[in-house]
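Participant: Handing you a structure now.
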Amino acid sequence: MDAMTLQKIVIREETLYKLNLLFKALQQGLNFFNYTFIALDGFPEFKKDFAQEEFLPGFIEPNYLENDTITYKWASYKVDLVTKAAIKLTREILYIKHPKIVAIDTQERLQWKKIPRKKIKKSPAGVWQDILIKNSCDYLPGLELLYNFDRLTDSTGLGDNLIFTDGMGIFVIVVVKQTNGYKVTEKVKKATLKMEGYRTKFTQTHKSNSEVVCVIGMIFTDEDRGTVRFVNKKDKFVAKMVAKAAPILKIESIHSQLNFDLKDQLLEQKLENFNLQSQLQAKNNLLLEKNIQIKKHRMLLEKECLHRAGLKQQLQNILDDLKREQFEEAKFEFDEFD
């Protein structure tokens with residue numbers, strides 16, 4: 001690997017790591033984060049050589065400290081601009097990964113569609129999971145790509161959490177809770193604790209994956225035909241900023257419920273057309289077989305006719321021979337009489 005290629009890899013990984021630290025700081029309500037130079041695995045000699053001190057220049061100021069540590073700080077009034085710039089930079093780096101996440105979204109939705117409706121209705125949160133999945137563009141604008149759904153926990157084989165993403169580094173862990181309008185606050189608190197457990201597990205599982213830049217939390221309940229509750233104002237703020245930057249996803253996303261249902265309809269139509277074609281083909285084969293049988297019968301009849309014609313000719317020849325013999329005998333008797 002040449003030095004230029006290595007430099008690009010180091011800068012990419014370093015920038016994604018800084019973005020991860022930045023979003024964590026935003027979620028904690030801080031206006032700074034500390035960054036220590038890291039070495040790319042297998043290339044410790046490039047620890048400082050390719051390090052980039054500048055990060056979101058114009059929005060964030062670096063302050064060089066001891067032990068290869070930099071404090072990146074921004075003014076509190078710039079938090080909107082910093083968040084917007086961070087989302088833009090994240091997308092510039094991870095845009096190339098978006099088609100892969102869209103493919104995951106499509107696959108997860110197909111798997112969800114395979115679950116029997118009766119099974120979903122039996123699940124405590126299944127119906128509302130179904131509503132959220134089918135209407136994620138409305139409830140989670142910009143974060144509407146389905147990354148995973150829990151298949152393991154309750155007796156129906158369905159869990160209560162879903163994971164959505166913008167397809168470019170921002171993820172949201174969602175716990176779906178059916179309250180039936182009873183003890184809502186208490187149930188939401190329990191769901192929030194559950195969500196934090198899921199978020200911690202997801203973060204730990206993907207801690208070495210630099211493409212997981214930010215993980216936010218949300219509770220989705222059955223109130224008012226579906227209510228979105230972010231676990232805190234900071235997560236809500238990040239989600240809001242992602243939604244504002246969402247048009248690129250809405251243009252390129254292929255999973256919206258309308259398109260998803262349309263795909264199903266097209267698939268069903270194709271299957272129906274295929275079945276009709278199969279039936280027509282079967283009928284054509286049957287007609288072809290009958291035509292072959294008719295031709296065989298016709299050939300047999302022709303042979304029979306030829307055979308009968310031959311017998312008739314033989315009989316006629318015999319009759320002709322008999323007539324000839326009778327004529328000869330009569331002539332002979334006449335000649336003797338004379």
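The values are calculated or read from the model by the stated rules, or taken from the named source; none is laboratory data. Bear in mind that the values here come from a model prediction, so they are computed numbers and not experimental data. Cβ: placed from backbone, ideal geometry, glycine included. Neighbour counts: every protein chain shown. Only protein heavy atoms, including side chains, enter the accessible area calculation; ligands, DNA and RNA are left aside. Shrake-Rupley method; radii C 1.70, N 1.55, O 1.52, S 1.80 Å.
Participant: Label 7 Å along Cα→Cβ of residue 12; segment 177-219 residues with amide nitrogen under 13 Å?
Facilitator: Taking a point 7 Å out along Cα→Cβ of residue 12, the residues of segment 177-219 whose backbone N falls under 13 Å are 210-211.
Participant: Would you mind working out the accessible area per residue for segment 166-248, using a 1.4 Å probe, and quoting it in Å²?
Facilitator: Working: 4210 Å² over 83 residues.
Here the per-residue accessible area is 51 Å².
Participant: Enter the Cα centre distance for the pair segment 190-233 and segment 93-150, rounded to the nearest angstrom.
Facilitator: That distance is 15 Å.
Participant: When the accessible area of segment 60-156 is computed with all protein chains present and a 1.4 Å probe, what percentage of it is carbon and sulfur? Write down the numbers at each step before the final one.
Facilitator: Values: 2960 of 5220 Å².
For segment 60-156, the apolar C and S fraction of the accessible surface comes to 57 percent.
Participant: Can you figure out the FRET efficiency of residue 36 with residue 100, using R₀ = 35 Å and their beta-carbon distance, to the nearest 0.05?
Facilitator: Working: r = 30 Å, r/R0 = 0.87.
Step by step, r from the Cβ atoms, then E = 0.70.
Participant: State, to one decimal in nm², a quarter of the convex hull surface area for the C-alpha atoms of segment 71-123, i.e. the direction-averaged projected area. Display every interim value, and only then the final one.
Facilitator: Details: hull surface 27.7 nm².
Reported value for the Cα convex hull: 6.9 nm².
Participant: For a Förster distance of 22 Å, can you work out the FRET efficiency between the beta-carbons of residue 224 and residue 190, rounded to the nearest 0.05?
Facilitator: Details: r = 20 Å, r/R0 = 0.91.
Given R0 = 22 Å and the Cβ-Cβ separation, E is 0.65.
Participant: From the phi angles alone, apply the Karplus equation (6.51, -1.76, 1.60; θ = phi - 60°) to segment 295-304 and give each ³J(HN,Hα) in whole Hz, x where the residue is Gly or Pro.
Facilitator: Result, ordered by residue: 4, 5, 4, 5, 5, 5, 5, 4, 4, 5 Hz.
Participant: Compute the FRET efficiency between residue 121 and residue 281 as 1/(1 + (r/R0)^6), taking r as their Cβ-Cβ distance and R0 = 30 Å, and round to the nearest 0.05.
Facilitator: On the way: r = 40 Å, r/R0 = 1.32.
It comes to 0.15.
Participant: While we're here: Within the P(r) computed for segment 98-148, what percentage of the Cα pairs occupies the region above 17 Å?
Facilitator: Values: 469 of 1275 pairs.
Percentage above 17 Å: 37.
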